[in-house]
Structure formats: structure tokens, C-alpha cells
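The values are calculated or read from the model by the stated rules, or taken from the named source; none is laboratory data. All figures in this text were calculated on a predicted structure; none of them were measured in a lab. Note: ideal-geometry Cβ built from the backbone for every residue, glycine included; neighbour counts use all protein chains shown.
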Amino acid sequence: MMPVRLFLLLALSALTATTVAYAAADSAAADIQMAADSAPFRAAADDFVTHAMAGDVDGTQALLSRQLVGRIGDAAARKALQAQILPFFQRGRQPGGAVTITQTTDAAGQSGFAFYMWMQYAQAPTARPFAVYVVREQGRLVVANIVPDRFVEGRHR
């Protein structure tokens, strides 16, 4: 059985975040174009967050990349969701704050977008960071990685 932390490390090592196609990311036009291109991917990320906040193990697992789940196994994916990922989201009140968008590619060469976001908590004075990586896998938008409660300098603003 793969430890839960190892699940995240495997998933993290399989993804790269880049801004190659949006080299002029500092310009307003490039930001607007990336937001438009990433909109369906963001909707998939938001769908995952909604299911995760509700504690829906089956719903969140169904949104995961089949290639990711195939690499780590159904049981390990479910354990990671139950032990680490869903508790982070269930404690949250709502996502909020700035969102940084980057392009991403998983280990299988599937491209998509990474969303570096914040979770607002009723009981905490500050928001907590998280990231959701969404790629297109066999024509379907899927979550290739979720990184709860980890600040990524230069991405979380």
C-alpha cells in the first residue's frame, strides 16, 4: 500500500507548470487569453473542489485522471482522498482570493492548466493555499493532481 504522502509526491513529480504559450504573461492581453483558454479547466477544478468540500469520496475519485489512479492504484487514491485531501477542503468555508493560472503537462504528456488558489476558513484568520491541476485525458477534463495546504512561491499571490 502506498503511503498517502507518497501519492502527492508521485503526482507532483509527474507534473510541470510552465507559461510557454503565454510568454507575455505580464501583458493584460496574455492574461485575458489564458483565462479564456483555461475556463473549461477551471470549471473542472471548481467541480472537484465542490465535491471535496462536501466530503464526496466517490465523486472526487471519479474526477481523477485514470492514468494517475492507474499508477498509484484505486485503494491508494481513495486513502489519499479520505486522509489528506478531503479533510482540507471539508474544513473550508469557501475558496477565495487571488488565483494564479499556469499551463501544465502531466507525465503522459497531457496538457492543461494548474490553478493556485486559496481556501477561506471560518475558524482561521488567514486563508490556506492549495493547487488543482486539470488536464485533458482522452477528450475528458480530469484532475491530475491536488496539493492541499502547500504554498508555492511565485504561484500563490
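Checking the range 83-90 against the condition returns a match, with at least one residue being more than 17 Å from residue 145 (Cα to Cα), out of contact with any His (no Cβ under 7 Å at 6 or more places or on another chain) and either surrounded by fewer than 21 Cβ atoms within 10 Å (Cβ to Cβ) or not charged (D, E, K, R) (or both).
Does residue 93 satisfy being of a type in the set (D, E, K, R), at pLDDT 85 or above and either more than 16 Å from residue 146 (Cα to Cα) or touching a Ser or Thr at 6+ places or on another chain (Cβ under 6 Å) (or both)?
yes
Of the residues making up the range 25-47, at least one is in a helix (DSSP H, G or I), among the hydrophobic types (A, V, I, L, M, F, W, C) and touching a Leu at 6+ places or on another chain (Cβ under 7 Å).
Give the residues of the range 101-131 that are closer than 10 Å to residue 155 by Cβ and of a type in the set (Val, Ile, Thr), sorted by residue number. Of everything in the range 101-131, those that are closer than 10 Å to residue 155 by Cβ and of a type in the set (Val, Ile, Thr) turn out to be 101, 102. Look at (1) closer than 22 Å to residue 40 by Cβ; (2) of a type outside the set (Ser, Thr, Tyr); (3) touching a Phe, Trp or Tyr at 6+ places or on another chain (Cβ under 9 Å) and you find that residue 77 fails only one, number (1).
For the range 119-141, filtering for residues that are surrounded by fewer than 24 Cβ atoms within 10 Å (Cβ to Cβ) and either among the hydrophobic types (A, V, I, L, M, F, W, C) or in a strand (DSSP E or B) (or both) leaves 11.
Restricting to the range 57-83, name every residue that is among the acidic types (Asp, Glu) and without any contact (Cβ under 8 Å) to a residue 12 or more places away in the chain.
Filtering the range 57-83 for residues among the acidic types (Asp, Glu) gives 58, 74.
58, the sole residue that qualifies.
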